Amino acid sequence: MIIPHPLLGPRDAAEFVYLGDACLIDRPDWKANDALEKFHDYGYMRDNPPGDHQELWFHEQGDRSWLVVTRNVTTHEISKVELARDVARARGRDK
Amino acid sequence: MHYSGLRVFLEGLKGNKGWVKAWREPDPKPEYDIVIIGGGGHGLSTAFYLAKEFGITNVAVLEKGWLGSGNIGRNTTIIRSNYLLPGNEPFYEFSMSLWENLEQETNYNSMVSQRSIVNLYHTDAQRDAYVRRANAMLLAGADAELVDAAALRKELPFLNFDNARFPIKGGLFQRRGGTARHDAVAWGYARGADSRGVDVIQNCEVTGFQIENGVCKGVETSRGPIRANKVAMCVAGSSSRVASMAGMRLPIESHVLQAFVSEGLKPVLPGVITFGAGHFYVSQSDKGGLVFGGDIDGYNSYAQRGNLPVVEDVCEGGMAILPMVGRARLLRSWGGVMDMSMDGSPFIDKTHIDGLYFNGGWCYGGFKATPASGYCYAHLLATDQPHPVATALRLDRFKTGHMIDERGAGNQPNLH
């Protein structure tokens, strides 16, 4: 599998480490009243869809950037690759 | 029809004209006591034990494709009960005891072969961990035997004992472990369930659930609606997909695991051998092929095929302990979709929807669990109480902090 890195161009997936669903960017508010419930879902529950899946890949053997890859998990077709930093900022995180 | 050696002999005299189909092909009835979704090993064994042990025969098994077309037909056929944790080991030992009587119970030749399994160890620390594991196994009634390198050299002289990086210091045997004929396991359970009155319905895809006021009353299928008092999901590999039709999210990711078989060779491996420093396990089938596998590919996948880096990694593991296999040619490889759970252990539990039950999350250890999974699931469906050896396999264990994490890897499914 080849991942088109937004800065480095096409790179072999073997250079990367896979973390999981990009919902891990959306860390719940630890001060909220329902934080216990939210952290359980954050830590353990996954949508695990059969089609397009947004996921976090770490370029460990490369520039050590975190990427959000949108990939069809049935065909392995990659439709979009973004820097995780940009995705997090777009979702309202400050860094 | 009862199968026996005498029957084979008599049919041979009569031109083999007396054999009948192993199971019927019934049309679905409008209503059942229990509908099982998934006609794989676990679904069929659930139906079998429901009929045989609990006397419930108004049961349908709904299968989207053909019987045993999922992971029961895509595994490396290893049976063993060499687990560590108290939530797991009694369950797998129960499974092992069911394997030992499987052929008598189902009257079907599942080719259960207790040819032994050995986990190799390569360091002092690993030996100590295996001593602990062996004691846990003995406490649960399983067998375990630790052997040192000298004894192992006599038994498996072809291993690469003096590997510079991972010398083999000994191994943990489970002599009762071994292999079985995976397809025949599904077929034996299907035939046994069918002969007791269970409807095994192929080419019948579940497309939705009938959930009324928080109670599951049946399923929608490609062959019309079917009402049921209890609906039992048993679709490991596709659990999230099926559960999402009931609005459920699960602590599961789907990953692909590859397996491989070499060209047929003369008998060389007496039992199952696993590498302790990398991830590699191998046995030799009765046809002569070396059947082996290793790690999952490591990313979410619903594709029944994997990528080449894992092929290389698995083959390197094989070369590290068995340099002689380097001359064997790879005949086939394939992939199966695994329910990888958040702690590496499975689930057999009720769901929050009344009348809807869940069995899944088998990671890549589902085959060996087939008999006990079916038995315990049948127990839960029949009595609404978990079987004593399956009480820890709960869906809510992450909420209560009772994870069963054999590997100690945390909530990272691709590391289990």
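General remarks:
- Per the listing B:L152, B:L139, B:L172, the residue uniquely under 24 Å from B:G365 (Cβ atoms), out of contact with any Pro (no Cβ under 9 Å at 6 or more places or on another chain) and either modelled with pLDDT of 95 or more or surrounded by 18 or more Cβ atoms within 10 Å (Cβ to Cβ) (or both) is B:L172.
- Test: B:F48 is in contact with a Phe, Trp or Tyr (Cβ under 7 Å, 6 or more places away or on another chain), surrounded by 17 or more Cβ atoms within 10 Å (Cβ to Cβ) and part of a helix (DSSP H, G or I): yes
- Candidate set from the stretch B:378-416 (those that are touching an Asp or Glu at 6+ places or on another chain (Cβ under 7 Å) and assigned to a helix (DSSP H, G or I)); member that is nearest to the other protein chains (Cβ to nearest Cβ): B:P413
- Residue in the stretch B:274-296 that is among the β-branched types (V, I, T), within 14 Å of chain A (Cβ to nearest Cβ) and assigned to a strand (DSSP E or B) present: yes
- From B:M324, B:M319, residue being more than 23 Å from the chain's Cα centre (by Cα), assigned by TED's automatic domain parsing to the domain that holds B:S283 and at pLDDT 95 or above: B:M319
- Members of the stretch B:234-260 found to be touching a Ser or Thr at 6+ places or on another chain (Cβ under 8 Å), surrounded by 24 or more Cβ atoms within 10 Å (Cβ to Cβ), among the small types (G, A, S) and more than 9 Å from chain A (Cβ to nearest Cβ), listed by number: B:G237
- Of the residues B:G366, B:G374, the single one that is in a loop (DSSP other than H, G, I, E, B), buried (at least 24 other Cβ atoms within 10 Å of the Cβ) and away from chain A (no Cβ under 14 Å) is B:G366.
- Residue list for the stretch A:4-51, restricted to those being charged (D, E, K, R) and under 30 Å from B:V242 (Cβ atoms): A:D21, A:D26, A:R27, A:D34, A:E37, A:K38, A:D41, A:R46, A:D47
- Hey, B:E63 more than 24 Å from B:T383 (Cβ to Cβ), of a type in the set (D, E) and either buried (at least 24 other Cβ atoms within 10 Å of the Cβ) or in the same structural domain as B:S262 (by TED's automatic domain parsing) (or both) or not: yes
- Taken together, the criteria place B:G289 among residues that are over 18 Å from B:G366 (Cα atoms) and touching a Ser or Thr at 6+ places or on another chain (Cβ under 8 Å).
- If you go through the stretch B:11-45 and keep only what is among the aliphatic types (A, V, I, L, M), surrounded by 13 or more Cβ atoms within 10 Å (Cβ to Cβ) and either part of a loop (DSSP other than H, G, I, E, B) or not assigned by TED's automatic domain parsing to the domain that holds B:Y364 (or both), you end up with just B:A22.
- Where B:R407 falls short, out of the listed (1) under 30 Å from A:L24 (Cβ atoms); (2) surrounded by 20 or more Cβ atoms within 10 Å (Cβ to Cβ): (2)
- Residue list for the stretch A:66-80, filter: more than 9 Å from chain B (Cβ to nearest Cβ) and part of a loop (DSSP other than H, G, I, E, B): A:E77
- Positions within the stretch A:3-44 being more than 16 Å from A:D63 (Cβ to Cβ) and hydrophobic (A, V, I, L, M, F, W, C), in sequence order: A:L19, A:A22, A:C23, A:L24, A:I25, A:W30, A:A32, A:A35, A:L36, A:F39
- Test: residue in the stretch B:304-312 that is more than 22 Å from the chain's Cα centre (by Cα), more than 14 Å from chain A (Cβ to nearest Cβ) and either buried (at least 24 other Cβ atoms within 10 Å of the Cβ) or assigned to a loop (DSSP other than H, G, I, E, B) (or both): no
- B:L393 being within 19 Å of B:S254 (Cα to Cα) and out of contact with any strand residue (DSSP E or B) (no Cβ under 8 Å at 6 or more places or on another chain): no
The values are calculated or read from the model by the stated rules, or taken from the named source; none is laboratory data. Predicted, not measured: the structure shown is a model, and the values here were computed from it. Note: ideal-geometry Cβ built from the backbone for every residue, glycine included; neighbour counts use all protein chains shown.
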